[in-house]
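Take a look at the structure below.
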Amino acid sequence: MKLTVWTYEGPPHVGAMRVATGMKGLHYVLHAPQGDTYADLLFTMIERRDHRPPVTYTTFEGRDLGEDTAGIFKKTCQDAYDRFKPQALIVGASCTAELIQDDPGGLAETMGIPVPVVALELPSYQRKENFGTDETFYQLVRALAQPMEKTPEVTANLIGPLALGFRHRDDIEEVKGLLYEMGIGINVVAPFDATPEDLTKLGQAHVNILMYPEHAETAARHMERVLGIPYTKTVPIGVGATHDFVAEVAAICGVEPKKDLGRLRQPWWSKSVDSTYLTGKRVFLFGDATHVRTAARIARDEMGFEVVGLGCYNREFARDIRALGKEFGVEALVSDDYLEVEKAIEDASPEMILGTQMERHIGKRLGIPCAVISAPVHVQDFPARYSPQMGWEGANVIFDTWIHPLVMGLEEHLLAMFREDFEFHDEAGPSHNGGHAPKPVAAAGATAEPAGEDAPAETGSDVMVWLADAERELKKIPFFVRGKAKRNTETFAAEQGLSEISVDTLYEAKAHYAR
Amino acid sequence: MNQPAALPSSTCRDAPVLKERGQREVFCGLTGIIWLHRKMQDAFFLVVGSRTCAHLLQSAAGVMIFAEPRFGTAILEEGDLAGMADAHDELDREVERLLSRRPDIKQLFLVGSCPSEVIKLDLARAAERLTQVHAPHVRVLNYSGSGIETTFTQGEDACLSSMVPVLPETDARELVLVGALPDVVEDQAVGLLTKMGIGPIRVLPAPRADSALAVGPNTVFACLQPFLGDTAAAMERRGARMIQAPFPFGEEGTTLWLRAIADEFGVDDETFEQVTAAPRARARTAIANASAHLRGKTIFFMPDSQLEIPLARFLTRECGMEAVEIGQPYIHKGLVGPDLDLMPAGPVISEGQDVDLQLDRVRAARPDLTVCGLGLANPLEAEGLTTKWAIELVFTPVHFYDQAGDLAGLFSRPLRRRDLLKLDAANQPSETREVAR
Ligand code: SF4
């Protein structure tokens, strides 16, 4: 038993729903009580889908238990088939139905439904949403895809994008563009907008582009083994990763690594003088493993940030992320406990968080700006405009998104110069964000939140005594570097064996850490 | 003069009820925690359930409100399912840890879920045991918010009814208002009744465990919400007597509800008129303004919040709408009878749900406005229908005179918006459908 307040991932059957809802012509019959229908709103509200998810729930009740819940399942399954006439069905149980052990797969098999029926075994009390997406897609591929002759021209499958994904819709277009430049056609994109019939043709492709390992790695391995299709290991998020991706695909397919860099602006934007102020910004990264891994490289190599902490919530990738932590000289945090993540961020006191919607709230409370890089998603993560993360345009979008919450370069100098000025004064925060420090990310689409989230006290410490002068001096330092100054001074003081901090200590520390 | 002018000869109370059983598209009772935890400031709601339950709460809350809100889910894991003794030990340990970290908690609700009920984890026993351990500082109660026993707002009913048996006994003649409303609305109700000379007035749930709320044979009570049947029964078992009335939505509903209480306390017509005349007039004006877009329009209620029947009464009688179908998850005539009495027979009254069949009826009727859950709203909008999400009716202050205009406004806004938006080219209406995803 574990007390949980906020979760990064839903239960595994929600993962299965993300696959089903991403697809067309597939229907999911889910043995579940009525309350589980809440999951529909994730798709219709957060993602603004214009159709109900293709899911029929049995919605059995207490009085049905011990009577004929199996009969209810069979009737629901038959009705759903008759009404929706899907090309294939998936059937399974939610956490409650798992306990009553009706065996939806076995029941459906006896019913003579004239289309493929794929049974899902998703252990609700052990696994989570991302396991559900990966396993469901794998089971569908295993049941439907067969070895077949390759297409005469070089083609690729794009695998992994699905419903409720972080920018999947736009990433698909970017990756298609990258492949187009190399003369590679598209065989199937799946699960996104694919039909079960499309899945039967997966075997024709020459390569699988594994866009999101979280959702399709098991299927990719399976297809490599059974259909002889190699898959890509590089996820093209960031300039460097996109170059590597193109090289990897070209090598697999034996084609020229042709690129059209005409729209790529990120490198110049990052080199231009205004970006000097980004140098050494201390960032903390948290999200799903794939997005954190790619973001870490961008942060260090393409933005010039310093990565002071990183981690992921999906344990399936714990080993990779720990290795990544080593590479960056930090201890990786693998946890789905949101309070633990908050603690780690507080301890690292970064100048910026690159995280999920959860970290956005953590940042709000701690007064640290945050840009979102990963699921779990929020209605804001589905912008109307084209906004990919992958490919050249993705690199441009990421540059803009990450610097938006930060104080702009020139403004940073003005803040230091006109510290007492009414407009730039200490508490005003980045002026282009509406001046609501320490809550720089405007919660535009979010539900109204109650006021009264007090900014944490920025001075004072359990271990160190700040003398009054020093504390006053600390307050003169602009807010966006104050956390760092405080932390550095305390570390410095501790190293020097001091228990009190004076103005001198503050400036000695400053000299010590000067870069 | 305060009674409705003419009662229709054949009313919705006598109309046959269309009962359906199929897929329901309604939240479970856990959802009530989202508003109950705001109302009871020293209470914590501990759901004993699965990751699904935690995810439901998070999704229904829509956004993470606090670092540590006063609710959480003890997620059952593989090990808890195997040995029941262990599950109890685990629960005790989690509660211990929670209470030591949160000394502000005075009332702890152990909330049952589908998984805890299917494995027959006895939370009543756990609550008794934990009360003994943590008395007198913390009182531990339990109720079920599970989807196999409760729908959406029924969770509040289950929660409040679990509190009634432990209320102190009193012989005082007191009025208890039953239901968790936003403070601003509750204050208005108490204010109006106090001005008529009625008192003392108590509210269930009280904001804190140590309030003066008590119950006994001289207690009379009135429900503020139409989904509090079990709580009403629990109050009656304690000897209290219910004052029946239509629910206080709109000018008419509010007046009839207040009048019923005033009659119980022997308030004369003059006093009643004096207290209510001004807010009544305000309410009428506000409704007249807000309902301009509603007059003559048809409305279809999918079953959701249990407010459907009283709201249909308000919208048909005070806003000039015509109800096509009024669906409720379940119908408790002891509570909504007075509202049903005020509506002439005509609309389909349905109980339970088979969502696909019901959607077929919506598509056939093409009502001007469909009230439904969040899972159905956008899909119906994409089919060209106009919708109002039901959940907002539970989260927004809509009761009593000064919210009557807002209540009408909640329904008229989607219709006004549809009229306002001009998304086609200036001259020729476009036939191309916009990309919705
Ligand atoms: S329906 Fe049952 S399992 Fe689902 S969220 Fe509600 S209580 Fe939990």
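Measuring against 31 Å, Cα to Cα, the residue pairs A:Lys24/A:Lys74; A:Lys233/A:Lys281; A:Lys150/A:Lys259 contain no pair spanning a longer distance.
Largest first, the three principal axis extents of the alpha carbons in the protein assembly as shown are 87, 79, 71 Å in whole numbers.
Taking each of A:Lys364/A:Lys484; A:Lys364/A:Lys475; A:Lys2/A:Lys343; A:Lys85/B:Lys388; A:Lys128/B:Lys106; A:Lys176/A:Lys258 in turn, the alpha-carbon distance tops 25 angstrom for A:Lys85/B:Lys388; A:Lys128/B:Lys106. Ordering A:Tyr338, A:Tyr81 by accessible surface, largest first, gives A:Tyr81, A:Tyr338; the 1.4 Å probe counts only protein heavy atoms, with every chain in place. For region B:104-126, backbone nitrogen atoms closer than 20 Å to the point 7 Å from A:Lys343 Cα along Cα-to-C-beta are found at B:104. Summing Cβ point charges (Lys, Arg +1; Asp, Glu -1) relative to the Cα centre of the protein assembly as shown gives a dipole of roughly 1140 debye. Each of B:Arg38 and A:Asp260 was given a label point 7 Å from its Cα along the Cα-to-Cβ line. The distance between the two points is 5.0 nm. Just to be sure I understand the rule: take each whole DSSP H helix in chain B, project its Cα atoms onto its long axis, keep it if the span is 20 Å or more and its mean Kyte-Doolittle hydropathy is at least -1.0. Which ones pass? Membrane-span-like by this rule: B:84-101, B:250-264, B:269-290, B:404-420. Any idea which of B:Gln244, B:Thr219, B:Ile349 is furthest toward the positive side of the dipole for region B:218-352, if Lys and Arg beta-carbons carry +1 and Asp and Glu beta-carbons -1? Among B:Gln244, B:Thr219, B:Ile349, the one farthest towards the positive end of the dipole of region B:218-352 is B:Ile349. Here's how it looks for A:Val55: its modeled amide H is under 5 Å from those of A:Tyr28, which are all 5 or more places away or on a different chain.
Peptide B:107-115 is shielded by partner chain Cβ atoms: per residue, an average of 3 of them sit within 10 Å of its Cβ. On the basis of the beta-carbon distance and an R0 of 51 Å, B:Glu236 and A:Lys85 show a calculated FRET efficiency of 0.50. For region A:212-371, the Kirkwood hydrodynamic radius from C-alpha pairs, put into Stokes-Einstein at 4 °C and a viscosity of 1.567 mPa s, yields a diffusion coefficient of 75 µm² per second. Amide H to amide H, with H built 1.01 Å from N, B:Val176 comes under 5 Å of B:Arg202, B:Val220, B:Phe221, B:Ala222, counting only residues 5 or more places away or on other chains. Label positions at B:Asp86 and B:His137, each projected 7 Å from the Cα along the C-beta direction, are separated by 2.9 nm. Ranked by the mean number of other Cβ atoms within 10 Å of their residues, highest first, the peptides B:384-393, B:320-329, B:398-407, A:225-234 fall in the order B:398-407, B:320-329, B:384-393, A:225-234.
Before anything else, pin down the relative contact order of region B:152-255: Cα pairs under 8 Å, at least 6 apart, normalised by residue count, whole percent. Worked out over region B:152-255, it gives 35 percent. Taking every residue in B:13-25 and counting other chain Cβ atoms within 10 Å of its Cβ, the average works out to 3.
Only helices enter the 222 nm calculation for chain B: every DSSP H run of n ≥ 4 contributes -39,500 (n - 2.57), and dividing by all residues gives -13000 deg cm²/dmol, rounded to 500.
Solvent-accessible surface of protein heavy atoms, probed at 1.4 angstrom with all chains present, puts B:Arg317, B:Arg125 in the order B:Arg125, B:Arg317, largest first. The A-B contact accounts for approximately 5900 Å² of buried accessible area, totalled over both chains at a 1.4 Å probe radius.
Between B:Val220 and B:Thr298, take the C-beta separation as r, use R0 = 51 Å, and let me know the FRET efficiency to the nearest 0.05. Efficiency at R0 = 51 Å is approximately 0.85. Evaluated with a Cβ-only charge set (Lys, Arg +1; Asp, Glu -1), chain A carries a dipole of roughly 980 debye about its Cα centre, given to the nearest 20. The length gained by stretching the chain between A:Lys75 and A:Arg472 to full extension, at 0.36 nm per residue less their Cα-Cα distance, is 135.6 nm. Modelled this way, with points 7 Å down the Cα-to-C-beta line, the labels at B:Leu18 and B:Leu423 are 2.9 nm from one another.
Applying 1/(1 + (r/R0)^6) with R0 = 60 Å to the Cβ-Cβ distance of A:Glu67 and A:Ser272 gives a FRET efficiency near 0.25. Can you find, among A:Ile237, A:Val292, A:Ala163, the residue farthest towards the positive end of the dipole of region A:137-294? Put +1 on the C-beta of Lys and Arg, -1 on that of Asp and Glu. The residue sitting most towards the positive pole is A:Val292. Over region B:318-363, the pair-distance histogram of Cα-Cα distances with 10 Å bins from zero comes to 22, 52, 26, 1 percent, rounded to whole numbers.
Within the same chain, lysines fewer than 8 places from B:Lys195 are excluded, and of the rest, those with a Cα less than 25 Å from its Cα are B:Lys39. Candidates A:Ser272, A:Phe492, A:Pro33 compared by Cα position along the dipole of chain A: farthest toward the positive end lies A:Ser272, with charges placed on Cβ. A probe of 1.4 angstrom, applied to the heavy atoms of all protein chains, finds B:Glu20 with accessible area near 30 square angstrom.
The values are calculated or read from the model by the stated rules, or taken from the named source; none is laboratory data. All values reported here derive from a predicted model rather than from experimental measurement. Ideal geometry is used to build each Cβ from the backbone, glycine not excepted, and the neighbour counts take in all protein chains shown. These area figures cover heavy atoms from the full protein model, side chains too; ligands, DNA and RNA do not enter into them. Shrake-Rupley method; radii C 1.70, N 1.55, O 1.52, S 1.80 Å.
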